[in-house]
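Chemist: One structure follows; several queries about it will come next.
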Amino acid sequence: MTDLPILYERAGVDGLCPSPICWRSRIALALKGVTVERRAMRFADVDRLEQITGSRTVPVLAVNGAMIIGSDAIAAHLDEAVPDRPRLLGNGAAAAGLELERELGARIGPLVGADFPRRLLPEDRAYYRESREARFGKSFEELEAVRAGLELDLAFSIGRLEPPLEAHRYLAGDEIGWIDIVAYTYLLWIAFASPRSLPEFVNPVRTWFERHDADWRRICLEPTVPEPMTEPCE
């Protein structure tokens with residue numbers, strides 16, 4: 001009997017994976033009908049993760065002795081391994097997903113940053129704060145002071161989703177694609193990390209979001225027990 005592939009992902013409070021990047025791989029695996037074993041890794045496990053997978057970041061899919069690193073690479077692998085299911089990438093989908101990721105990530109990260117650590121394990125919170133404040137160039141307190149502007153920026157970015165959804169059922173066109181998964185997981189991340197930051201969606205974005213939400217939210221927020229630490233974190 002063949003061992004199941006292993007998906008290494010981020011650990012969070014109550015066994016809930018807090019990473020929208022990891023959620024993408026969960027959704028992609030579900031759409032492709034691929035069953036995996038999930039292993040939740042703390043930020044504090046980074047050295048151990050690298051020893052196992054060769055990567056210091058998640059998600060990583062371990063399959064048949066290979067380590068597939070990153071959600072985009074996992075999606076590409078799944079398209080090749082399971083071609084008769086919905087094709088996620090192709091026709092510029094990877095580039096479109098990356099562009100959307102950069103825009104939404106830049107808007108959402110600073111907005112939810114102060115609230116998000118409550119979703120992380122206690123030993124990961126200081127690292128997250130330090131690394132994100134360095135990335136954003138402002139403390140969480142400074143970002144709170146400009147919250148109104150951040151909310152306007154996010155509303156503008158979400159508004160850019162409206163034209164393609166007025167013309168098509170999905171952001172990717174007539175069939176679901178990677179850009180739909182990227183957009184959905186970022187919007188769910190707002191609701192998960194910082195409900196007070198969640199804007200009101202208007203049609204056609206609201207209809208598109210609700211179409212996926214019941215199934216995809218369940219997939220993203222299914223609990224996983226974190227891997228035990230082998231060494232105390234410093």
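The values are calculated or read from the model by the stated rules, or taken from the named source; none is laboratory data. Everything quoted here is computed from the prediction, not taken from an experiment. When we count neighbours, we look across all protein chains shown, and the Cβ atoms used for this are built from the backbone with ideal geometry, even at glycine.
Here's the yes/no breakdown for (1) of a type outside the set (D, E, K, R); (2) at pLDDT 95 or above; (3) out of contact with any Lys or Arg (no Cβ under 8 Å at 6 or more places or on another chain); (4) farther than 16 Å from residue 26 by Cβ:
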| site | (1), (2), (3), (4) |
| --- | --- |
| 160 | no, no, yes, yes |
| 172 | yes, no, yes, yes |
| 181 | yes, yes, no, no |
| 190 | yes, yes, yes, yes |
| 194 | yes, yes, yes, yes |
| 214 | yes, no, yes, no |
| 220 | yes, yes, no, no |
| 231 | no, no, no, yes |
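Chemist: Sticking with this one: Which of the residues belonging to segment 1-35 are hydrophobic (A, V, I, L, M, F, W, C), out of contact with any Ser or Thr (no Cβ under 9 Å at 6 or more places or on another chain) and farther than 30 Å from residue 126 by Cβ?
Modeler: 1, 30, 31, 34
Chemist: Restricting to segment 170-201, name every residue that is free of Cβ contacts under 8 Å to residues at least 12 places away in the same chain and either more than 21 Å from the chain's Cα centre (by Cα) or under 23 Å from residue 76 (Cα atoms) (or both).
Modeler: Within segment 170-201, 173, 174 meet the criteria.
Chemist: Now a separate question. Take residue 60 and tell me if it is over 29 Å from residue 113 (Cβ atoms) and touching a helix residue (DSSP H, G or I) at 6+ places or on another chain (Cβ under 9 Å). First the steps, then the outcome.
Modeler: On the way: over 29 Å from residue 113 (Cβ atoms): no; touching a helix residue (DSSP H, G or I) at 6+ places or on another chain (Cβ under 9 Å): yes.
In short, no.
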